[in-house]
Amino acid sequence: MGRADARRAQQRGARRATKSGGIRRLFTWKKLLGTFFGFCLLGMGAFFVLYMIVDVPEGNAQAKLQSNVYKYPDGTVLARTGKVNREIVGLSEVPKDVQRTFVAAENKSFYTDKGVDFKGTARGLINTISGKGKQGGSTITQQYVKNYYLDQDQTVTRKLKELVISLKVDQKKSKNDILAGYINTSYYGRGAYGIQAAAQAYYGKDARDLDVAEGAYLAALLQAPSQYDWAVASPTGKRLVKERWNYVLNNMVGEHWLDAGKRQGLQFPVPQGPKPADGLTGQKGYIVNAARAVVQKQEHLSDEQFDAGGWTITVTIDKKKQQQLERSVKARLTSKLDTKGRSVDKDVQAGAVSVNPKTGAVVALYGGTGLTEHWTSNATRRDYQPASTFKPIILAAALDQEAQTQDGQPITANTRYDGNSRRPVEGSDIAFAPPNEDNANYGQVTVQTAMNKSINSVFAQMGVDVHMDKVMETAGKLGMDVEGLPVVPAQTLGSMGASPMEMAGIYATLDNHGKKVTPSIVKSASRQGGAPIALPDPIGEQVISRQAADSVTSVLTGVVDDGTARVSVREAPGRGGQQVAGKTGTSDNNKSAWFTGYTPKLVTSVGLFGEAAESHKGADGKQVQKGSQVTLKGTAGGGRVNGGGFPAEIWADYTFQVMGGRSTFDLDTDMGAAVTPPPSSTSPSPSGQPSESASPSDQPSSEAPSSEPPTDSPPPSAPSDPTPSGGTSSGPPTVPDPTDSAEVPLKPADGRQNSRVQG
């Protein structure tokens, strides 16, 4: 190599040395360490700013949603309603060892950590940035924050917020509050959010009744709810969930939360199979809606407020009585209807309410074919006339007011009235002359007989004798909604609207010796585990005297034993000598038929309503709109439907199977059929001289379907009340036997006030 080559080589080496030295001077360990700390400080500063600007938000709306839970008095679930199947429970309602299963499964250091797993969060951030999916290793606090405060999006921004909020939540809330929030917001599969819904879904019990093995399974589920659901899991899924279950319990032993010996004795708790959601099929929907209405009215809640959920409502319904009422309606009515072969059978709607008169509790309710098929509850609708079931109210007003007839005689069960059809009432500024059923004439009859046979003319006159304003006032006291109703004699025929719930309350007040009974279907109600709300006492004050109420009860026993209900009730199977009081009713044009009756322990009102199932042309050629009131005549292939027919049959079939032993009325009265039969002596007519007409047989016309004729109907008998002095007897009656209803003609040409009402 020459000098020139050596010099060039030396220059190249110098340049390389200069370059290497420059790099070393640029990336010294001091500079690198400084840069690292600079980045750390920058990150800490950014995190500090983030910590300062990110606040703990309100919980997201979805996480707050709960179901409203309806329960029977024994604690079993009647139904759940709402968009989300969640019922939030306090941690105190979850056994301690069950609480710890979740900690053992997800975050053993939960009770001592600061709410954040920085390593797991960093791993999650890297996975998110690199697109590798969801993060793992989050603490219980972080999972609670994700469930309750944030959404489920996997973004860097969301994860940083989760980190900050978790730190703040850990500072502001106790560990118990965080754990409660976690187990109440987590999803367990089978549509169940929260531990209470999960306990019901997998083990059919409340969270407070779970044992540690069952708790460990629910805790294991949270890792993969769909995959680990035993009912649908693959063999691999079953193996994995068992491994997870063992992992949870072993961790509990390691943390000294579970005795090792007890752990060895635990068996895997195979959950029950999934069941259909507790919906609103059958009568459940009617019961739920009735209970909901009570709570909303009491708490002044809008639909939106109530539907936000969180309510636990215990109803008063007795499951056995409810089941029997449904069976009785089916056995005595719906099984006999041919909705395909007879158009009238499509129009039949049944409603019933059964009440305990001592407590006011609604123990059974029948609202119709089902909420999804017929939205209106026939148990609470008020658009049909109660007809002659209103007559006992008139008598109650007369006895409570100590009213007198037109000629000054006290009104009692033995007072005699002119029972002839279309006899004009006396003492009224409004002319009124109602016909009796089938235009039957009875001559002089006692009030007892008039109640037994449901004689319209007698009670029309009695209403005027008492004064109609007093009659309507008494109706209001007993529980009927009379606000805005006209005070006219036609109301004596029950021409207003009323519901089975309403009539059951009125008769329950009579049964309760005149002390007000307001039927209540809600036993208790509370929201999110809070104190029960205040509910009105179903038993109120004395609204009519005990003597008046008991006397009406005594008289009403005659309707069953010797009146319009005797065919269906008096000799009904299972009665066994049980005392019964009650009244039938059939409205104008046979659009409704009723029987409301009671024993000392149970009051039940049954109504049948004619409602057009679809729009069609009537027999007269006029258009009948769907939902309009139509006649029941011809139901099940029979003729006129009277209160002593289907309604009384349903009542008897139900009552005599659930009454729980024979009981006797304790009556403070010396009048009425339950005490002594009416005397046979006559007295002057308190309401003018009777017509010289025949008294029809006391055999009621109870037209049951021809396919099932009554077999216990007694033969026709002579009238119990002879024709008064001066009258004549014209031998056998020439008119059909009376029932409890009568059609009143339209307003006549002479201007007399009448209405299209039946008694």
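Throughout, read-outs are computed from the coordinates displayed, never taken from laboratory work. Keep in mind it's a predicted model, so treat the numbers as computed, not measured. In this analysis, Cβ positions are derived from the backbone assuming ideal geometry, glycine residues included, and neighbour counts consider all displayed protein chains.
Figures for the structure shown
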| item | result |
| --- | --- |
| Distant-in-sequence amide H partners of Leu78 (H built 1.01 Å from N, under 5 Å) | Tyr70, Lys71, Tyr72 |
| Long-range HN-HN contacts of Arg640 with modeled amide H, under 5 Å | Gly634 |
| Burial ranking of peptide ranges 223-232, 409-418, 373-382, 188-197 (average Cβ count within 10 Å, highest at the top) | 188-197, 409-418, 373-382, 223-232 |
| Residue-by-residue Karplus 3J(HN,Hα) for the stretch 164-173, coefficients 6.51, -1.76, 1.60, Hz, glycine and proline x | 5, 5, 4, 4, 5, 5, 4, 6, 8, 10 |
| Placed amide H near Ala364: partners under 5 Å, 5+ positions off or other chain | Asp318, Ser354 |
| Karplus-derived 3J(HN,Hα), 6.51/-1.76/1.60, for each residue of the stretch 489-497, Hz, glycine and proline x | x, 4, 5, 5, 8, x, 8, 7, x |
| Neighbour-count ranking [beta-carbon atoms within 10 angstrom, fewest first] of His616, His467 | His616, His467 |
| Cα-projected label distance for Lys96 with Lys358, points at 7 Å along beta-carbon direction, nm | 4.2 nm |
| In sequence order, calculated HN-Hα J values of the stretch 265-272 (Karplus, 6.51, -1.76, 1.60; Hz; x Gly/Pro) | x, 7, 10, 4, x, 4, x, 6 |
| Extension gain, Asp670 back to Gln657 (0.36 nm per residue minus Cα-Cα distance, nm) | 1.6 nm |
| 27 Å Cα-Cα threshold exceeded, pairs from Lys172/Lys523; Lys83/Lys320; Lys275/Lys321; Lys175/Lys523; Lys321/Lys583 | Lys172/Lys523; Lys83/Lys320; Lys175/Lys523 |
| The stretch 418-561 shape via C-alpha gyration tensor axes, a/c threshold 1.5 | prolate |
| Residue-span extension gain [Arg546 to Ser302] - 0.36 nm each, minus C-alpha spacing | 83.8 nm |
| For Arg662, net neighbour charge (Lys/Arg +1, Asp/Glu -1) across residues whose Cβ lies under 12 Å away | +2 |
| Centroid-to-centroid separation of the stretch 69-112 and the stretch 244-320 [C-alpha atoms, Å] | 8 Å |
